[in-house]
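This report refers to the structure that appears directly beneath it.
The values are calculated or read from the model by the stated rules, or taken from the named source; none is laboratory data. Because the structure is a prediction, the values reported are computed rather than measured. FYI the Cβ positions are ideal-geometry reconstructions off the backbone, even for glycines, and counts take in every protein chain you see.
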Amino acid sequence: MLSLHSKICEVYAHPLGRDIVDKMLLEMGKPAWLVDNPIIGNLTLGAIQKLLSKNLGSGFFDAILNLLNSEPDTPDTHSVPSSPAWWKEAVFYQIYPRSFGCDDESNVLRGILSKLDYLRELGVDAIWLSPVYDSPNDDNGYDIRDYYKILPEFGTMNDMDALIAGLHKRGMRLVMDLVVNHTSDEHPWFQEALRDENSPYRDFYFFRKSDGKPPNNWVSFFSGPAWNYYPEQDIWALHLFSKKQMDLNWECPALREEIYKMVRWWLERGVDGFRLDVINYISKTPGLHDGDPFVGALMTYTGVEHYFYGPKLNEYLKELRGKAFAPHNAFSVGETPGIGTRMGRLLTDDYRRELDLIFSFDHLVSPGHTRFDDYRYDLSYLKRFYQSHLNADLGHGWNTLFFNNHDNPRMVSKIDPEGLYTRPLAKLLAVLQLTLRGTPFLFQGDETGACNVKFNSIEEINDVESRGLYAELIKTMPPDKAFRQILAGTRDHARAPINWEEHERQRGEADSVWRFYQDLIVLRRSSRALIYGKLEFLYPRKKKLLSYTRSLNGEYFYIEANLSAVKRRSKAPVGAVLLFGNYGKSGGKILHPYEVRVYRVTSIV
Ligand code: NOJ
């Protein structure tokens, strides 16, 4: 049991403690080695509480200790060889249907079907399809009105069946989005629950009576309080996301059974697995107590400690797997914001029978920044992150490798906002995605090096998150400053329509990002070392040079990347054969700006 008498180093030795301390340091922009300093490491939590008592209420330490003591397990750190699985070998590709747009087809699902040969040619094995269910689209489909119906503008259930068949015919798989932390407020469950306080659906959501103010101080991820007030019923209901995305109460067994039934229904239709939207938020600490203000200020969202790794999360995930996924041998990847690598292991280690993989996001934003800061991403942080998180001591843990999705500005633009090095950078990221240890998830547009979009005014922004934040910001700052922040972080950068002409052009161009991805995927597919091989990082102190090896059964690769726009020396071993590079295959002693190279090493001289 950890208590106020425990030292910082003891907290850090606990898997949750380590992730929480890392996350706090990250938010504060402080380096992780602070904890290794014996003076700091030996401080007890009680001493820190006294030192900081002006800023920290006891609620902060209670919340942290409760979290830590709720998880007795630690990830298995033995270097157990990974058991092979199709999803470790596959290359995934995320489709955001609203902007995948294939206008010559009658609807979006038919359009996707018409592009399967194209995706197969690129080397894609499995698709993650963002929501296509019936929805009022307050959050572009992440607000589901009917889990059993396709959004009419996207197609019909027949089109869905045709898509599943089309994928399977090509040896590809389909992973759908599973949004079960919340439903739309237009879902019949919510509608009935609101109308009738005796309805069995009342217990499916978090309804609370409260006089004149929200039942607690939690804030929504999309700005403002996390509670809606319904005057006719004089009742409040919880929504962690938009006002139309109502949180589901997983404590209610009947709700959980409805969800498992729905998941089985889709799996019986032929779907191969799910990406589980914000799945780590499904268990909320009973009582829904106020969030600690210090945690709120540090993590931006007050209340988050009460649900980001809730007390029954593991229990619910095990049940979901046992009752729905396991009978179909289905694949699961959880979207888990705020979960670090060690906690991630507790959600994914196979002996725990919870999830197969998770997406966590700490590598997408440099320390001390948030997505909405206008700053330049520093790739040397990515090197530090990978060195400490992808390392071999993580035993049989398996990672997801991605830089983009529908919730983030484009990574190439974060690193190089002027767009001077888009093409080499896009290829550099491609190499990392396809040669590090983990499963690559490409997002539509990665294969052409898609950049951020130019938006001229807030009217051009569609995203509910950005619009909510803008409305908040202009209360305290001039509109042009508020708009600059929105531009830095808006999710609409990733949601711009695909430029199919560019895709076709690059497909035919020998030196394109598209062809580079295609060739790299062929290489990865042909080599067990690049998938299951050992990963070793070299030159840990060279901030701007990322270099590592992958090896298995005598097969050996050396990969190096210049993480800056300044030239530097290559460290490639003599005798290594250059297979790939974003500056051609000539090699040489000097690495150009953002140059990346993949070598095969047969004998080291
Ligand atoms: C995560 C999804 O990726 C995002 O697009 C959505 O807004 C929230 N979850 C809420 O569903």
Condition first: touching a Ser or Thr at 6+ places or on another chain (Cβ under 9 Å) and part of a loop (DSSP other than H, G, I, E, B). Now tell me which residues in region 19-37 satisfy that.
Gly29
Matching residues in region 346-391 - criterion: being of a type in the set (Gly, Ala, Ser) and closer than 20 Å to Asp277 by Cα:
Ser360
Among the residues of region 462-475, is there at least one that is out of contact with any helix residue (DSSP H, G or I) (no Cβ under 8 Å at 6 or more places or on another chain), more than 26 Å from Gln387 (Cβ to Cβ) and either in the same structural domain as Glu560 (by TED's automatic domain parsing) or in a loop (DSSP other than H, G, I, E, B) (or both)?
yes
All but one of (1) free of Cβ contacts under 8 Å to residues at least 12 places away in the same chain; (2) surrounded by fewer than 17 Cβ atoms within 10 Å (Cβ to Cβ) hold for Pro136, so report the exception by its number.
(1)
Considering only region 128-187, give the strands (runs of 3 or more DSSP E) lying wholly within it that have at least 3 residues that are closer than 23 Å to Leu317 by Cβ.
173-178
Does region 342-375 hold any residues that are buried (at least 19 other Cβ atoms within 10 Å of the Cβ) and of a type in the set (Lys, Arg), and which are they?
Arg342, Arg345
Which of the residues that make up region 88-108 are buried (at least 20 other Cβ atoms within 10 Å of the Cβ) and touching a strand residue (DSSP E or B) at 6+ places or on another chain (Cβ under 7 Å)?
Ala90, Val91, Phe92, Tyr93, Gln94, Ile95, Pro97
So which of Val219, Val180 is more than 25 Å from Gly489 (Cβ to Cβ), under 27 Å from the mean Cα position of the chain (by Cα) and either within 16 Å of the ligand (Cβ to nearest atom) or in contact (Cβ under 8 Å) with a residue 12 or more places away in the chain (or both)?
Val180
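I need the full set of residues from region 110-133 which are among the hydroxyl-bearing types (Ser, Thr, Tyr), without any contact (Cβ under 8 Å) to a residue 60 or more places away in the chain and crowded, with 19+ Cβ neighbours inside 10 Å, in order please.
Correct list: Tyr133 only.
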Determine if region 138-151 includes at least one residue that is within 16 Å of the ligand (Cβ to nearest atom) and of a type in the set (Phe, Trp, Tyr).
yes
Unique residue being of a type in the set (Phe, Trp, Tyr) and at pLDDT below 95 when the list is Tyr517, Tyr539, Tyr532, Tyr594:
Tyr532
Condition set assigned to a strand (DSSP E or B) and out of contact with any helix residue (DSSP H, G or I) (no Cβ under 7 Å at 6 or more places or on another chain), scope region 537-555, selection surrounded by the fewest Cβ atoms within 10 Å (Cβ to Cβ): answer is Leu538
Restricting the search to region 325-371, which residues are within 16 Å of the ligand (Cβ to nearest atom), farther than 26 Å from Leu174 by Cα and among the aliphatic types (A, V, I, L, M)?
Val365
List pairs: first residue in region 405-434 and of a type in the set (A, V, I, L, M, F, W, C), second residue within 16 Å of the ligand (Cβ to nearest atom) and in a loop (DSSP other than H, G, I, E, B) anywhere in the structure, Cβ distance under 7 angstrom, at least six positions apart or on different chains.
Met411/Phe403; Met411/Asn404; Leu429/Phe403
Looking for whichever is touching a helix residue (DSSP H, G or I) at 6+ places or on another chain (Cβ under 8 Å), under 27 Å from Pro31 (Cα atoms) and not β-branched (Val, Ile, Thr) here; the options are Ala561, Ala565, Ala488, Ala496. Which one fits?
Ala561
Note on Phe402: of the conditions (1) within 16 Å of the ligand (Cβ to nearest atom); (2) more than 17 Å from Val124 (Cα to Cα), unmet is (2)
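So, in region 183-208, of the ones that are of a type in the set (Asp, Glu) and buried (at least 17 other Cβ atoms within 10 Å of the Cβ), which residue ends up nearest to the ligand (Cβ to nearest atom)?
Asp185
From the list Gly296, Gly291, which one is part of a loop (DSSP other than H, G, I, E, B) and more than 27 Å from Ile127 (Cβ to Cβ)?
Gly291
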Residue list for region 314-366, restricted to those being assigned to a strand (DSSP E or B) and farther than 17 Å from Pro15 by Cα:
Phe331, Ser332, Val333, Gly334, Glu335, Leu357, Phe359
Go through (1) under 23 Å from Asn462 (Cα atoms); (2) away from the ligand (no atom under 16 Å from the Cβ) and name the single condition Trp128 misses.
(2)
Quick one: Ser551 ticks every box in (1) in contact with a strand residue (DSSP E or B) (Cβ under 6 Å, 6 or more places away or on another chain); (2) in contact (Cβ under 8 Å) with a residue 24 or more places away in the chain except a single one, so which number is it?
(2)
Does Asp159 qualify as being within 15 Å of the ligand (Cβ to nearest atom), surrounded by fewer than 23 Cβ atoms within 10 Å (Cβ to Cβ) and not assigned by TED's automatic domain parsing to the domain that holds Glu192?
no
I need every pair where a residue in region 251-265 that is of a type in the set (A, V, I, L, M, F, W, C) has its Cβ under 8 Å from the Cβ of a residue that is surrounded by fewer than 16 Cβ atoms within 10 Å (Cβ to Cβ), sequence separation at least 6 or different chains.
Cys252/Asp203; Ala254/Pro200; Ala254/Asp203; Leu255/Asp203; Met262/Tyr148; Trp265/Tyr148
Of the criteria (1) over 19 Å from Leu51 (Cβ atoms); (2) outside any helix (DSSP H, G or I); (3) under 27 Å from the mean Cα position of the chain (by Cα), which one Leu16 fails:
(2)
